[in-house]
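Working notes, beginning with the structure itself.
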Amino acid sequence: MHEMHITGVKIAYYYICHTKLWLFSHDITMERENENVELGRFLHESSYSGHKEVNIGDISIDFVRHGEKIEVHEIKKSRSMEMAHIMQVVYYLYYLKRRGIEAKGIIDYPKMRKRKEIELTEEYEKETEKAMQEIERINSGPMPKPRRKKICEKCAYYEFCFGGDEE
Ligand code: SF4
C-alpha cells in the first residue's frame, strides 16, 4: 500500500469531489484562494493561537495534545462535509497506527463550540484502505469530468470547472 503519497487533504477530497482530488493531486492550484480558505485560516489562528501545526512524514495535523492518549485535532468551521472530515482524521489515526502510535481523533468546530471524538475501528481501517486504493486509481487516470453540485460555488476550482459554461 503506497500511502506515502496520500495526505489527509487528498482523503477528504476523495469524499468531496473526485475532480478536486485529481486537480489538487496534480499540483493544479488556483491563484486566488477563496473566502472559505481564509475563514479556515482565521478560525485556526483566532481560536487556537498558541498551538502549532505538526508534520509527521507526509501528513500535517492541526495540533496534538498529550492526554491519556495522544489526541489528533482537526479544526473545521462547519459540519457540512462531515464524512470527509471524519475520514481525514481517520486517515491520520491509520497513518500513526502503522508507525506504532496509538491516537484518538477530535474534530473541533470552534464556531459551534462542538467537538466530535473519533476512534480508529476495523471498519474505518477497511474504508481507509479502500479510499487509498481508489485515490491511486483516480489519480493515475484522466481528470474526472466535473459534475456540478451544491459545494461547487464555494470551491476554489469553480471557474476552472465551469468558467466557460452558460447558465
Ligand atoms: S467546482 Fe465542483 S466539480 Fe469542480 S473541483 Fe470544485 S467541487 Fe469539484
> In the structure displayed, which of K77/K116; K104/K150; K97/K145; K20/K69; K97/K154; K111/K145 lie more than 23 Å apart, Cα to Cα?
Replying inline: K104/K150; K97/K145; K20/K69; K97/K154; K111/K145
>> With 10 angstrom as the radius, rank D27, D108 by how many other C-beta atoms surround their C-beta, starting from the fewest.
In response: D27, D108
>> Tell me which trypsin sites (Lys or Arg not before Pro) from the range 117-167 have a DSSP coil assignment and no more than 16 other beta carbons within 10 Å of their own.
In response: R147, R148, K149
> Which FRET efficiency value, to the nearest 0.05, do you get for E136 and R113 by plugging their Cβ-Cβ distance into 1/(1 + (r/R0)^6) with R0 = 45 Å?
Replying inline: 0.75
>> I need F160, F24 ordered by Cβ neighbour count within 10 Å, fewest first.
In response: F160, F24
> Want the number for V54 to Y158: 0.36 nm per residue separation, take away the alpha-carbon distance, what's left?
Replying inline: 34.4 nm
> Can you sort Y91, Y15 by how many other beta carbons sit within 10 Å, fewest first?
Replying inline: Y15, Y91
>> When a/c reaches 1.5 or more, the comparison of a/b and b/c decides; with that in mind, is the range 80-139 rounded, prolate or oblate per its Cα gyration tensor?
In response: oblate
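Any read-out appearing in this document is the output of simple, stated calculations on the displayed coordinates, not a laboratory observation. Note that the structure is a prediction, hence the values are computed from the model and not measured. Cβ: placed from backbone, ideal geometry, glycine included. Neighbour counts: every protein chain shown.
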